[in-house]
There are 2 protein chains.
Amino acid sequence: MAATTPYIAQRPKRADGRRNYDTILAAARKAFAATGSDASLEDIASQAGVAIGTLYRHFPTRAALVEAATRDGLDTLVAEAGAYAATDPLDALTHWMEQAVAHISTFRGLVGILTEAMYDEGTPSHVACAAMHRCGADLLRAAQDAGRVRADLTPDELFDLLTAAGWVRENSAPGRDAGTRVLQLMLEGVVLR
Amino acid sequence: MAATTPYIAQRPKRADGRRNYDTILAAARKAFAATGSDASLEDIASQAGVAIGTLYRHFPTRAALVEAATRDGLDTLVAEAGAYAATDPLDALTHWMEQAVAHISTFRGLVGILTEAMYDEGTPSHVACAAMHRCGADLLRAAQDAGRVRADLTPDELFDLLTAAGWVRENSAPGRDAGTRVLQLMLEGVVLR
DNA sequence: TTGACTACATGAGGCTGCCTCAGCTTAACT
DNA sequence: AGTTAAGCTGAGGCAGCCTCATGTAGTCAA
């Protein structure tokens, strides 16, 4: 059967629609930051001063709302990969990974959504995740070709590490940025040789 | 204020109670395995052939049910730590970590619950998690004293890595055991020197 | 064996959150 | 000014959570 393309939210043409779209998105970002990806949609709507039906008009599913709320961040990440590519391959990879960990864990629950989206085309965030995957794979290959990273590491495994670090960051106390340290440990290893 | 001790489920004295307790636990394990830690409690009850009130009588909170469903596994883990301690310190640590990753990710959502329980005393699983923490810390110190593991790794960081690997395992396709590979990468490191 | 005690079982019902849809409003274009 | 369709609304159906008043039956002592 044909792959069903997921609905991706679009900023409406009409002025009132655009206004509400923006307000809802702002409320959603605030709620996600406070509560995580399973924040109450009815709360978000009322916080935005809008009826629940209006929220659903613009964002028919929770996944669509999450995608819209995180789109900018992931686009930035992809853009940064290009910029880093000019520098030392290993530095490029590690810096980009640090950025990636931050972007994929901006609120509780995001990493899980993005991880699923990475391999599921029926998901709004899939396009962004696939782009991320390409960037990561390119930077990885460059670092491997330069002999700076173990050759047996696959891109999928790289993303396993990345999402794992993101998950730690997501679930650690706000002050202690465990994500960065964990990423460092992953890169350097724990066992002495 | 005094720390509120969490309710921990106990197998009842009366025969009918014990029967239901066991049946509910079996249904819960099956449901958690299939759906994850947020499986419907009403489904679990009806699967066990019991009214919802009966489930709540034995397991007043979801956390209590999860704790009861995973108690054996975590106890085993603690017991194994003692057995491993006699062998080579690095082998002991790595083998125990492999076991730990498996035990803390027996179903979707468990790692998150246990991670929170590790540092929150008001949680049914806290006792088990604290015991786990002690075991891990002991094995880590032994491996560090033997000069086999980097000295700047703290026990908390060890558990960050452990839960991260568990999360990956939890969220990867059943066939591909990504957890083991990710743990290996964490221990060995990714960057060549 | 019987009676009493009390642990245990039941399920309707109140609550919250999800999501839909029929009817109304209004921006935008001619 | 009229028309049109994009947009807005919120009641209502559904599912899951959890409680509690009421009913049932194991257990134990006499």
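The values are calculated or read from the model by the stated rules, or taken from the named source; none is laboratory data. Note that this is a predicted model, so its numbers are computed, not measured. Heads up, the Cβs are rebuilt from the backbone with ideal geometry, glycines too, and the neighbour counts pull from every protein chain shown. Side chains included, ligands, DNA and RNA excluded: accessible areas come from the protein's heavy atoms. Shrake-Rupley method; radii C 1.70, N 1.55, O 1.52, S 1.80 Å.
Data for the structure
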item	result
Cβ charges +1 (Lys, Arg) and -1 (Asp, Glu), total dipole of the protein assembly as shown, debye	960
Mean Cα-pair separation over length for chain A, i.e. relative contact order, pairs under 8 Å, 6 or more apart, %	21
Residues B:Arg62 and B:Ala33, FRET efficiency given R0 of 22 Å [Cβ-Cβ distance, rounded to 0.05]	0.90
Degrees between helix A:155-170 axis and first principal axis of chain A (Cα, 0 to 90, nearest 10)	60
Angle between chain B longest axis and helix B:110-119 axis [Cα atoms, degrees, rounded to 10]	80
Stretchable slack from A:Tyr119 to A:Glu42, in nm (0.36 nm times residue separation minus alpha-carbon distance)	24.8 nm
Percentage of interatomic Cα-Cα distances in segment B:9-112 larger than 20 Å	45
Cα-Cα P(r), chain B, percent of pairs per 5 Å interval	1, 8, 15, 18, 17, 14, 11, 7, 5, 2, 1, 0, 0
Global geometry of segment B:15-60, whether rounded, prolate or oblate, following the gyration tensor of its Cα atoms and the 1.5 cut on a/c	prolate
Of all accessible heavy-atom area on the protein assembly as shown, the percent that carbon and sulfur account for (1.4 Å)	52
Residue-normalised accessible area of segment B:15-60, expressed per residue, 1.4 Å probe, Å²	54
Dipole-positive endmost among B:Ala15, B:Val182, B:Ala31 within chain B (Cβ charges, Cα centre)	B:Ala15
Tilt relative to chain B, helix B:15-35 - C-alpha long axis, 0 to 90 degrees, to 10	50
Segment A:74-148, relative contact order [Cα under 8 Å, separation at least 6], %	38
Per residue, in Å², the accessible surface of segment A:66-188 once ligands and nucleic acids are set aside, probe 1.4 Å	39
Alpha carbon centroid spacing (whole Å) that separates segment B:58-90 from segment A:143-193	27
Segment B:85-157 shape via C-alpha gyration tensor axes, a/c threshold 1.5	prolate
Cα gyration tensor category, rounded, prolate or oblate, for the protein assembly as shown with a/c compared to 1.5	oblate
Student exercise, segment A:66-188 dipole from Lys, Arg, Asp, Glu Cβ charges, in Debye to nearest 20	300
Total accessible surface hidden between B and A, rounded to 100 Å², 1.4 Å probe	3100
Separation of the A:Asp16 and A:Asp156 label points, Cα + 7 Å toward Cβ, nm	5.0
